[in-house]
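S.K.: The structure that follows is given in the form of structure tokens.
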Amino acid sequence: MEESVNETSQGDQSTQENATPPARGKRWNLRERPPPVQRLETSLESQEMEVASAPRKRKAPAEARAPAPKKKAQKSPVQRVASDEEEDGGMFAAVLCGRSALQAVASEWVDRYQDSSETAMVELVQFFVHCCGCRATITMETFQNEETTSIIRSLTENFDEESGDYPLIATGASFKKVKSSFSEFMERIVEQCQHGILFDEYMLDTLIIWLVGFTDSQVRAFRHTCTLACMKLVTALVHVANSVTTELDNTQRQIDAEKKRQQAKKGAAGKLDKLMTKRAELQRRSVEMRDTMKGVFSSVFVHRYRDVRPEIRALCLSELGVWMMEYRAHFLADIFLKYFGWCLYDKVGEVRLASVSVLESLYNSEETAPHLELFTQRFKERLLSMRLDKEDSVCVKAIRLACHLLKLDLLEPEDCVEVCELMFVESRSVSHTAAEFATRYLFSDDFMTRARGAKVPKGHKKPVDAQIKLVELVRFFMEVNIHQHATYFVDSLWDNTDVLRDWEAMVGLLLDDKAGIVLTGAEEAALIEILVCAVRRAVGTGVPPARTKGKVVTNKERRAIVEERTQLSTALMVTLPDLISKFGSVPEQASNLAHIPQAFDLELYAEHRLQKHLEALLKHLHQLVTKHMDSSTLDETAQTFRCLCDPEFSLHSTAELAFNQLMDELIQTFKTHLEGCQDQPINEEDSEEAIGLAVSLERIAAFAKVRDLSQWSLPELLIGLVDMAADGHVPDRVMCSVVAVLRLDLQWSLATMDETSPSRDSLRDLQSRFTRTLRCCRDLLMRGARPVMREAYMTLCDILVVFGRQLRACGQLGALAYVPDSGLQQLLQDYVVVEVIEGGGEEEEEGSEPSTESEAVAIAERLNDRRVQLAGFLKLVLFGSVDMKVAAPVFAQYVKHYHHFGDLLKMALARCREAQPTQWYKTIALSLQQVFLRLVEEGGGTVDLTDPQWADLRDLARRYSLPFSFDQLKASTRQMLVGIHREGINFALTRPEDHTPGAPPPYIQFLSVLGEFSNRLLDVDRTGKKGVLVYLQERLGEGGWEVGRDGWTPLHLFRNMLAGGDGSVDGRAGRGRGKGKKRTQKGGGGGGEGEEWMSSRPAKTQRTTSPHEH
């Protein structure tokens, strides 16, 4: 045989040593075949079988073996189903079509076998050849005269299918059921033969010889298909062995009973002898089945479980698991279990999944789990580490296996906590499976028994099971402390436990002073956070974004959300005011509780006549606004008021009245503080007047985000503060709120204005307020403090987009369209470059590490804020409010700050290229020129080629040139590329007025930067390299190429690149392309003997392939 694509290792050697060889020594010799059976006696009582004499070994002469003519290649591996039916008796057609009558097809083949065993075996071998997608035909003459190895070698060498697919893996409707039908057919054949043919020493031996030969082929189709056949053959033999074992036990019981009857002299004469003969025959068959399975295992499995193809390796492991589950007496042993432990380290997830799946089934069975003690000791660490596998399906199986280990009490508490922590990962399947493990671990029977039996303080109620579980979840959530995202925690547990839906139990723990379990302040805060996350999850808004990717909400889930909303509304509408009253003094808890009404079915207030509870809720929300100053509480309360004031809510008038009263109070408080400031200007941030004014404005701004407050005429109230800010008499915190309110007022005014027929007065008033706000923000951006500058900058970004060019298409609202002047555009550019891009500080430079976790969080927050500000400026560029050339210095930071802003700048460059191609190439050329001029200025008139900034400039040009690699044949792409060269040549050859004749231009080194784009030019394009070369010569004038060498090197290198010379951009000669020697890789594997089976993994060997491998 040719070199096989299997691998051998020390583990394989040990397996072959331990495996018992077959009883008949010649049955695995591929050069001989057992004698054909002429007549078969199926009765167990038969003492004689007529067996034909052994065939003589005959070889056809070489000259008689005419080569088969080559057939025309076909696209599909199987096309001639009609002719196949004639060659294999219709078996392949039945399997291909997925016929349900496979039993009848197998029975017909058995009848043909009894008539002529060799003819039937030729049909069966031909069936396997067809199932491999091979079009060759095996004749009776070839089957009788040629050796098996010779036939298989010929099939392997002539397997010339164009397509890599074969029936077992082919796609399409006609191949959908091939694998299942093929497997079922193998079982049906063995089932039909189990009462006689299977033990005739010809059929099974011949079949195994051919299948083993095919599994050692270099053609994947032969190897995969016949490996599956061998595995399914052993599976069918396992069923036969089980039936033989059952019948042997029954026979033994009959023998014992017959012996007792004969002792009593009641038994029939000769019956015991027949039973003894039957038992001997059954024992012989049982031994023969075991020997056959051992032979197939050592001949096929120990090679194919390490095949180069992962699907073959996974197939072997899956079938071995079936054998262990169904024939435990033979296969459930350490000598076979070791293969699963070794394959846990496989590089392909499919194989690891197959191994873990089998082990999960073994540990889940009460009959097999006790036999895995030694395996668990050796591979327990690896099994637990697979919870972190890169494949989610493997992680899920590993966690489920950990559930069975927990049930068997084989895990330590530390191991359990590590598995439970996977509830916080982004993967939905992994987190939910980890939550299933957590519920089993946290709510174990021992824990619940101890908790129910715990003593309760006198006068307190005995806690129910739901409260016990809730407290345990809260304490576990606090102890794990992975991060503060309770949303992930609740979403993972939502489908695994009902305690998170028990609203009465949670409220009872928080409000009932006589509850059986007393919570600490930290536990109460954690429970409130879990309660709010559960409320969000119940209405479908509390699912982490990473876990909703690609998930479609079904109608069943929508109905469940409606039911959950009704249940939580009924349970919490009455108790929520009491919760806010008790825990509303803490900002974090107040913010969480203020969110709950947003999930209510508000109509239940009217249906259940709960108006007094609504009024109590509005009263407590009013108190939250007047009591707290943090933005989270104010924002959540404002959102809740927006929901309660929805006109579709039948009781919205009650909420509207409460909202108006609250706003009147806030406005009056603001006026009071404002009057005090006008009497005596304030300059200190921490003064009582400054704090009161800032807090009142922040509260108003929170409601301005969700409601139109134009009826309170806020701009008129803020005019005085804007005028005072010019003199610097207003604290920064106050001015930030003033600018925010002015921005929101403009946006609400434009959104609520009638687009079709707005009044002139309203347009004039809005334009006046816009101009005033614009002037205020411009002044603050020039001379304000950093927080004020940031708020003014963000306000400018928002209002310039809202009042941008697109308003010109909105009828009369087009009069409000505004395009900023060059001074304002330059002001925005300077702020972005200095404060946003360059203003990160040394601690945020790439490579620096924060010293503490809080410092790392602060750095991340500042970086996110800077990214938001940069996105605001890029948005102005894309909308046309800012000229694209103004953004050239910003784009020039692409390489230097790629780690922080590279994705934003890359996307902006791509969008600008699509929107305005001409302006885009002029902008990137300008950005390169600006960076080059800065290098010239820093170098005193020349560029230092050893300076890292010069390398960064070259890298920036290279990144700019990457988009030209695509669509090079498009006219627009070629025009932009030529345009960049023209812009660069004009800049590089610019001569000042006092330039010395004959001396190179001062910026000629820029041609080296421009050379990064030259390799994108097409040689066949007249406007490409040739056109650029002509333009370069025109700019140089007459005798341009006769200039001196001193200082003109960049020009000569650039010219050579355009002309197709060997000069490179950096001055080094181009490398020639020589033909390298063809590399050969010798593969093979081997291993020493004597390796212990409990080694952590099998020996590493080199896998080999062949030209026949598909």
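The values are calculated or read from the model by the stated rules, or taken from the named source; none is laboratory data. The structure presented is a predicted model; accordingly, all values stated were derived computationally and were not measured. Positions of Cβ are backbone-derived with ideal geometry, glycine not excepted, and every protein chain shown enters the neighbour counts. The area values use the complete protein model at the heavy-atom level, side chains included, leaving out ligands, DNA and RNA. Shrake-Rupley method; radii C 1.70, N 1.55, O 1.52, S 1.80 Å.
S.K.: Looking at region 172-181, which of the residues that are of a type in the set (K, R) and in a loop (DSSP other than H, G, I, E, B) is most open to solvent (accessible area, probe 1.4 Å)? I'd like the intermediate steps shown before the answer.
M.R.: Looking only at region 172-181, we keep the residues that are of a type in the set (K, R), and these are 176-177, 179.
Cutting the leftovers down to in a loop (DSSP other than H, G, I, E, B) gives us 176-177.
On the way: K176: 158, K177: 116 Å².
It comes out as K176.
S.K.: Checking R867 against (1) in a helix (DSSP H, G or I); (2) in contact (Cβ under 8 Å) with a residue 24 or more places away in the chain; (3) under 30 Å from L1010 (Cβ atoms); (4) charged (D, E, K, R), only one condition comes out false. Which one?
M.R.: (3)
S.K.: Also, quick follow-up: Determine which member of the set F447, F437, F477, F424 is at pLDDT 95 or above and of a type in the set (F, W, Y). Full working, then the answer.
M.R.: On the way: F447 fails: at pLDDT 95 or above; F477 fails: at pLDDT 95 or above; F424 fails: at pLDDT 95 or above.
The conditions single out F437.
S.K.: So which residues in region 595-628 are open to solvent by less than 20 Å² (accessible area, probe 1.4 Å) and in a helix (DSSP H, G or I), if there are any at all? Steps first, answer last, please.
M.R.: Restricting attention to region 595-628, the residues satisfying the condition of being open to solvent by less than 20 Å² (accessible area, probe 1.4 Å) are 596-597, 599-600, 604-605, 614, 617-618, 621, 624-625, 628.
Matches in region 595-628: I596, P597, A599, L604, Y605, L614, L617, L618, L621, L624, V625.
S.K.: Among the listed residues V396, V417, which satisfies the condition of being buried (at least 19 other Cβ atoms within 10 Å of the Cβ) and either modelled with pLDDT of 95 or more or in a helix (DSSP H, G or I) (or both)?
M.R.: On the way: V417 fails: buried (at least 19 other Cβ atoms within 10 Å of the Cβ).
Unique residue meeting the criteria: V396.
S.K.: Name, by its number, the condition in (1) among the aliphatic types (A, V, I, L, M); (2) without any contact (Cβ under 8 Å) to a residue 24 or more places away in the chain; (3) within 22 Å of V886 (Cα to Cα) that does not hold for A951.
M.R.: (3)
S.K.: Another question, if that's okay. What are the residues in region 562-594 that are within 18 Å of T520 (Cα to Cα) and exposed (fewer than 15 other Cβ atoms within 10 Å of the Cβ), if any?
M.R.: Within region 562-594, K582, S585, E588 meet the criteria.
S.K.: Now, a different point. Can you pull out the residues in region 908-925 that are surrounded by fewer than 20 Cβ atoms within 10 Å (Cβ to Cβ), without any contact (Cβ under 8 Å) to a residue 60 or more places away in the chain and within 21 Å of N986 (Cα to Cα)?
M.R.: Within region 908-925, P917, Q919 qualify.
S.K.: Another question, if that's okay. Return yes when R790 is under 24 Å from R866 (Cα atoms), touching a residue at least 40 places away in the same chain (Cβ under 8 Å) and touching an Asp or Glu at 6+ places or on another chain (Cβ under 9 Å) and no when it is not.
M.R.: Numbers: under 24 Å from R866 (Cα atoms): yes; touching a residue at least 40 places away in the same chain (Cβ under 8 Å): yes; touching an Asp or Glu at 6+ places or on another chain (Cβ under 9 Å): yes.
Spelling it out, R790 is indeed under 24 Å from R866 (Cα atoms), touching a residue at least 40 places away in the same chain (Cβ under 8 Å) and touching an Asp or Glu at 6+ places or on another chain (Cβ under 9 Å).
S.K.: If you don't mind, another one. Cβ-Cβ distance below 8 Å, separation of 6 or more or different chains: which pairs start in region 176-191 with a residue that is under 19 Å from E311 (Cα atoms) and end on one that is among the hydrophobic types (A, V, I, L, M, F, W, C) and modelled with pLDDT of 90 or more?
M.R.: Within 8 Å, the pairs are K179/L228; F182/L228; F182/A229; S183/L228.
S.K.: Moving to a separate point now. Only one of (1) farther than 22 Å from K671 by Cα; (2) assigned to a helix (DSSP H, G or I); (3) open to solvent by 30 Å² or more (accessible area, probe 1.4 Å) fails for T756. Which number is that?
M.R.: With respect to (1) farther than 22 Å from K671 by Cα; (2) assigned to a helix (DSSP H, G or I); (3) open to solvent by 30 Å² or more (accessible area, probe 1.4 Å), T756 is out only on (2).
S.K.: Being surrounded by fewer than 17 Cβ atoms within 10 Å (Cβ to Cβ) and either in contact with a Leu (Cβ under 7 Å, 6 or more places away or on another chain) or of a type in the set (D, E) (or both) narrows it down to one residue among D513, D491; which is it?
M.R.: Working: D491 fails: surrounded by fewer than 17 Cβ atoms within 10 Å (Cβ to Cβ).
So the residue among D513, D491 that is surrounded by fewer than 17 Cβ atoms within 10 Å (Cβ to Cβ) and either in contact with a Leu (Cβ under 7 Å, 6 or more places away or on another chain) or of a type in the set (D, E) (or both) is D513.
S.K.: Right, here's the next one. Name every residue in region 932-962 that is under 40 Å from the mean Cα position of the chain (by Cα) and surrounded by 13 or more Cβ atoms within 10 Å (Cβ to Cβ), in order of residue number. Give the steps one after another, and end with the answer.
M.R.: Initially, region 932-962 is screened for residues under 40 Å from the mean Cα position of the chain (by Cα), giving 948-962.
Within region 932-962, Q949, W950, D952, L953, R954, D955, L956, A957, R958, R959, Y960, S961 meet the criteria.
S.K.: Please tell me if D646 is surrounded by fewer than 19 Cβ atoms within 10 Å (Cβ to Cβ), outside any loop (DSSP other than H, G, I, E, B) and either under 45 Å from the mean Cα position of the chain (by Cα) or acidic (D, E) (or both). Outline the logic, then answer.
M.R.: Numbers: surrounded by fewer than 19 Cβ atoms within 10 Å (Cβ to Cβ): yes; outside any loop (DSSP other than H, G, I, E, B): no; either under 45 Å from the mean Cα position of the chain (by Cα) or acidic (D, E) (or both): yes.
When the stated conditions are applied, D646 does not pass them.
S.K.: Here's another thing I want to ask about it. Answer yes or no: is there a residue in region 782-803 that is within 23 Å of L878 (Cα to Cα), outside any helix (DSSP H, G or I) and touching a helix residue (DSSP H, G or I) at 6+ places or on another chain (Cβ under 8 Å). Break it down into steps so the answer makes sense when it comes.
M.R.: If we filter region 782-803 for residues that are within 23 Å of L878 (Cα to Cα), which is where we start, we get 789-803.
If we keep only those that are outside any helix (DSSP H, G or I) too, we end up with 803.
Then drop every residue that is not touching a helix residue (DSSP H, G or I) at 6+ places or on another chain (Cβ under 8 Å), which leaves 803.
Yes, there is a match, as at least one residue in region 782-803 is within 23 Å of L878 (Cα to Cα), outside any helix (DSSP H, G or I) and touching a helix residue (DSSP H, G or I) at 6+ places or on another chain (Cβ under 8 Å).
S.K.: Looking at region 555-573, which of its residues are in a loop (DSSP other than H, G, I, E, B) and closer than 19 Å to S492 by Cα?
M.R.: Hits for region 555-573: nothing passes.
S.K.: When the residues of region 360-377 are narrowed to those that are among the polar types (S, T, N, Q) and farther than 20 Å from T245 by Cα, which ends up most open to solvent (accessible area, probe 1.4 Å)?
M.R.: Kept after step one, since they are among the polar types (S, T, N, Q), are these residues of region 360-377: 361, 364-365, 368, 376-377.
Next cut, farther than 20 Å from T245 by Cα only: 361, 364-365, 376-377.
On the way: S361: 51, N364: 87, S365: 25, T376: 13, Q377: 132 Å².
Among residues in region 360-377 that are among the polar types (S, T, N, Q) and farther than 20 Å from T245 by Cα, the one most open to solvent (accessible area, probe 1.4 Å) is Q377.
S.K.: Shifting gears a bit: Looking only at region 765-778, filter to residues that are open to solvent by less than 50 Å² (accessible area, probe 1.4 Å) and more than 46 Å from the chain's Cα centre (by Cα); which one of those is nearest to F803 (Cα to Cα)? Lay out the reasoning, then the answer.
M.R.: Taking region 765-778 as the starting set, the residues that turn out to be open to solvent by less than 50 Å² (accessible area, probe 1.4 Å) are 766, 769-770, 773-774, 776-777.
Restricting the remaining residues to those that are more than 46 Å from the chain's Cα centre (by Cα) gives 766, 769-770, 773, 776.
On the way: L766: 11, R769: 12, F770: 9, T773: 12, C776: 16 Å.
So, considering only residues that are open to solvent by less than 50 Å² (accessible area, probe 1.4 Å) and more than 46 Å from the chain's Cα centre (by Cα), the one nearest to F803 (Cα to Cα) is F770.
S.K.: If we keep just the residues of region 325-339 that are surrounded by fewer than 23 Cβ atoms within 10 Å (Cβ to Cβ) and of a type in the set (A, V, I, L, M), which is nearest to the chain's Cα centre (by Cα)?
M.R.: M325
S.K.: Related question: Considering only region 349-359, I want to know if a residue exists there that is in contact with a Lys or Arg (Cβ under 9 Å, 6 or more places away or on another chain), at pLDDT below 95, over 28 Å from H239 (Cα atoms) and open to solvent by 10 Å² or more (accessible area, probe 1.4 Å).
M.R.: Yes.
S.K.: For region 695-720, how many residues are in a helix (DSSP H, G or I), among the acidic types (D, E) and touching a residue at least 40 places away in the same chain (Cβ under 8 Å)? Walk me through it before giving the result.
M.R.: As a first pass, look at region 695-720 and keep what is in a helix (DSSP H, G or I): 695-704, 710-712, 714-720.
When the remaining residues are screened for being among the acidic types (D, E), the result is 698, 716.
The next check asks that each one be touching a residue at least 40 places away in the same chain (Cβ under 8 Å); those that pass are 698.
Residues in region 695-720 being in a helix (DSSP H, G or I), among the acidic types (D, E) and touching a residue at least 40 places away in the same chain (Cβ under 8 Å): 1 in total.
S.K.: Out of E118, E123, E85, E184, report the one residue that is in a helix (DSSP H, G or I), at pLDDT below 85 and either open to solvent by less than 50 Å² (accessible area, probe 1.4 Å) or over 19 Å from T206 (Cα atoms) (or both).
M.R.: Numbers: E118 fails: at pLDDT below 85; E123 fails: at pLDDT below 85; E184 fails: at pLDDT below 85.
Going through E118, E123, E85, E184 in turn, the sole match is E85.
S.K.: Next question. Return yes or no: is S631 among the hydroxyl-bearing types (S, T, Y) and either surrounded by fewer than 16 Cβ atoms within 10 Å (Cβ to Cβ) or under 46 Å from the mean Cα position of the chain (by Cα) (or both)? Working first, answer last.
M.R.: Details: among the hydroxyl-bearing types (S, T, Y): yes; either surrounded by fewer than 16 Cβ atoms within 10 Å (Cβ to Cβ) or under 46 Å from the mean Cα position of the chain (by Cα) (or both): yes.
For S631, the condition - among the hydroxyl-bearing types (S, T, Y) and either surrounded by fewer than 16 Cβ atoms within 10 Å (Cβ to Cβ) or under 46 Å from the mean Cα position of the chain (by Cα) (or both) - is met.
S.K.: Mind telling me which of the residues L233, L207 ends up being touching a residue at least 24 places away in the same chain (Cβ under 8 Å) and within 16 Å of Q126 (Cα to Cα)? First the steps, then the outcome.
M.R.: On the way: L233 fails: within 16 Å of Q126 (Cα to Cα).
So the residue among L233, L207 that is touching a residue at least 24 places away in the same chain (Cβ under 8 Å) and within 16 Å of Q126 (Cα to Cα) is L207.
S.K.: Examine region 192-202 for a residue that is under 24 Å from E146 (Cβ atoms), open to solvent by less than 10 Å² (accessible area, probe 1.4 Å) and touching a residue at least 24 places away in the same chain (Cβ under 8 Å), and state whether such a residue exists.
M.R.: Kept after step one, since they are under 24 Å from E146 (Cβ atoms), are these residues of region 192-202: 200-202.
Remaining after also requiring open to solvent by less than 10 Å² (accessible area, probe 1.4 Å): 202.
If we keep only those that are touching a residue at least 24 places away in the same chain (Cβ under 8 Å) as well, we get 202.
Yes, region 192-202 contains at least one residue that is under 24 Å from E146 (Cβ atoms), open to solvent by less than 10 Å² (accessible area, probe 1.4 Å) and touching a residue at least 24 places away in the same chain (Cβ under 8 Å).
S.K.: Here's a follow-up. Please identify the pairs in which a residue from region 239-255 that is farther than 23 Å from E184 by Cα has its Cβ atom under 7 Å from the Cβ atom of a residue that is polar (S, T, N, Q) and open to solvent by less than 40 Å² (accessible area, probe 1.4 Å), counting only partners at least 6 apart or on another chain.
M.R.: Correct list of pairs: L248/S286.
S.K.: Looking at this structure, is I208 modelled with pLDDT of 90 or more and either in a helix (DSSP H, G or I) or under 22 Å from V110 (Cβ atoms) (or both)?
M.R.: Values: modelled with pLDDT of 90 or more: yes; either in a helix (DSSP H, G or I) or under 22 Å from V110 (Cβ atoms) (or both): yes.
Here the answer is yes, as I208 does meet what is asked.
S.K.: Among the residues of region 859-881, what is the count of those that are modelled with pLDDT of 90 or more, of a type in the set (A, V, I, L, M, F, W, C) and either more than 13 Å from V832 (Cα to Cα) or open to solvent by 20 Å² or more (accessible area, probe 1.4 Å) (or both)?
M.R.: The total comes to 5.
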